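To start, the structure under review is shown below, and the notes come after it.
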Amino acid sequence: MLAAESHVDRSILGPGVFVETNVGGTQVLLDCARQAGVKRFVQVSTDEVYGSLGPTGKFNENSPLRPSSPYSASKAAADLLTLSYAHTFGMDVVVTRCSNNYGPYQFPEKLIPLMIVNALEDRKLPVYGDGMQVRDWIHVEDHCRALLAALEKGKPGEVYNIGSDNEWPNLRIVTRLLEILGKSTDLIEHVKDRPGHDRRYAIDATKARTELGWAPRIEFSEGLQATVDWYVKNRGWWEHVRTGEYRTYYERNYGGR
Ligand SMILES: NC(=O)c1ccc[n+]([C@@H]2O[C@H](COP(=O)([O-])OP(=O)(O)OC[C@H]3O[C@@H](n4cnc5c(N)ncnc54)[C@H](O)[C@@H]3O)[C@@H](O)[C@H]2O)c1
């Protein structure tokens, strides 16, 4: 189950639709899957359900759920609902929890495409707070390969963390993107931090590596370069998705910061 409201900032601006889609929508699909006799239901979740980490350590599948945004809380609720269908109805379900994705076709509300497209237009790059929030980045194709492995080889009722051991502070990602694009760091503008911004996520994916036989293949510097190249070549795509509703969202989220 990939369909979801997926962006933390939007969940701060309006939590209701996150509960409706991510919790209510998951329940509807679980019921449909059950009625239709679907063989296995994979709930695609996020490392954000575990909450924020200090400077060291990693989350594993037994870490307590401590979601801190309406987005992550709605995903945690959906995970628990999914697991309850296994326990109550004997449904075959698997839950995956992945770290931050990047790659082509990513909506330019998310950090990496947002910074690339703003830089390509010589607009300011709004970096939240000190920019030292750490995320563990994985290429979307590695995530997709893990989802397929979970579908085919996961054990019923189990949770699998998916991550690349690739931690970067946001500000370093942004400066790296500017370097690739040959643009000045003067474009960076530190803006008011996101309320309740989690400081660090890091995920231990040992279980997925050993039980699913999965491992990430795409090295970060190559994946990032390819992603920048994709946005340079596909200007028509991102110019199109940034019209209409995106402008309203951008103004609401960054306008007063
Ligand atoms: N992007 C990440 O870094 C990341 C990391 C871990 C997990 N995830 C999870 O992966 C999934 C996909 O994330 P994404 O980043 O591709 O999100 P996205 O917002 O780019 O895509 C979500 C998709 O869900 C669809 N959708 C939303 N509400 C719907 C509804 N009510 N009915 C039908 N379709 C609906 C949207 O149209 C869109 O195609 C989500 O469940 C997200 O929580 C994402």
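Every read-out reported here was derived from the displayed coordinates using simple, explicitly stated rules and does not represent laboratory data. For clarity, every value in this text was computed on a predicted model and none was experimentally measured. Because the Cβ atoms are built from the backbone with ideal geometry, glycine has one as well, and the counts that use them run over all protein chains shown.
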| remark: With the charge dipole of segment 8-254 built from beta-carbon charges (+1 for Lys and Arg, -1 for Asp and Glu) about the Cα centre, the Cα from N101, P113, N60 projecting farthest to the positive end belongs to N60
| query | Whole-Hz Karplus ³J(HN,Hα) for segment 82-94, in order, using 6.51 cos²θ - 1.76 cosθ + 1.60 and θ = phi - 60°, x for Gly and Pro? | reply | 4, 5, 5, 5, 5, 5, 7, 10, x, 6, 7, 10, 9
| query | By average Cβ neighbour count within 10 Å, what is the ranking of 178-186, 107-115 from highest down? | reply | 107-115, 178-186
| Cα Rg, Dmax, segment 114-193, angstrom units | 16.8, 51
| message | Among N253, T227, P216, which residue has its Cα furthest toward the positive end of the charge dipole of segment 168-253, with +1 on Lys/Arg Cβ and -1 on Asp/Glu Cβ? | response | N253
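Going by average Cβ density within 10 Å per residue, which order do the peptides 243-249, 125-131 take, highest to lowest? Don't jump to the answer; show the numbers that get you there.
Working: 243-249: 11.1, 125-131: 17.9.
The densest-packed peptide leads the list: 125-131, 243-249.
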| message | 5 Å is the cut-off here: which amide hydrogens, built 1.01 Å from N in the peptide plane, fall below it relative to V191, excluding neighbours closer than 5 in sequence? | response | V127, Y128, G129
| note | In nm, the gap between the two label points placed 7 Å beyond Cα toward Cβ at N62 and D92 is 2.7
| query | Packing-wise, with mean Cβ within 10 Å as the measure, how do 134-147, 24-37, 91-104 rank, highest first? | reply | 91-104, 134-147, 24-37
| said: If neighbour count is taken as other Cβ atoms inside 10 Å, put V49, V23 in order from fewest to most. | reply: V23, V49
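Mind checking the dipole of segment 8-254: about its Cα centre, +1 per Lys or Arg Cβ, -1 per Asp or Glu Cβ, Debye to the nearest 20? Present the calculation step by step, with values, prior to reporting the outcome.
Values: 30 positive and 32 negative charges, 43 e Å.
Roughly 200 debye, rounded to the nearest 20.
Jot down the per residue volume, in cubic angstrom and as a whole number, of the convex hull over the alpha-carbon atoms of segment 7-63. Spell out each step's value before the answer.
Details: hull volume 5.9 nm³, N = 57.
Given the Cα convex hull of segment 7-63, per-residue volume reads 103 Å³.
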| field | Under Karplus coefficients 6.51, -1.76 and 1.60, residue-wise ³J(HN,Hα) of segment 223-232 in Hz, glycine/proline x | value | x, 5, 4, 5, 5, 4, 4, 4, 5, 5
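At 222 nm, what helix-only mean residue ellipticity would the chain give, in deg cm²/dmol to the nearest 500, using -39500 (n - 2.57) for each DSSP H run of four or more?
On the way: 10 runs with 111 residues, N = 257.
It lands at -13000 deg cm²/dmol.
What is the extension gain from Q35 to A215, computed as 0.36 nm multiplied by their sequence separation minus the C-alpha to C-alpha distance, in nm to one decimal?
Working: separation 180, 0.36 × 180 = 64.80 nm, distance 3.41 nm.
Going from the current span to full extension adds 61.4 nm.
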| How far apart, in nm, are two points set 7 Å out from the Cα along the Cα-to-Cβ line at E121 and at E179? | 2.7
| field | When the convex hull of its Cα atoms is projected in every direction, mean area for the chain (nm²) | value | 13.5
| query | So how far apart, in nm, are the two label points at S84 and Y105 if each is 7 Å from Cα heading toward Cβ? | reply | 3.3
| query | Tell me, in nm to one decimal, what length is gained between W237 and D130 on full extension, where the rule is 0.36 nm per residue of separation less the Cα-Cα distance? | reply | 35.4 nm
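Would you mind telling me the antiparallel percentage of the DSSP bridges in the chain, rounded to 5? Provide the component values of the computation, followed by the final result.
Details: 3 of 22 bridges.
Within the chain, antiparallel bridges account for around 15 percent of the total.
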| query | Of L181, S74, Q27, which is farthest along the charge dipole of the chain in the positive direction, counting Lys and Arg as +1 and Asp and Glu as -1 at C-beta? | reply | Q27
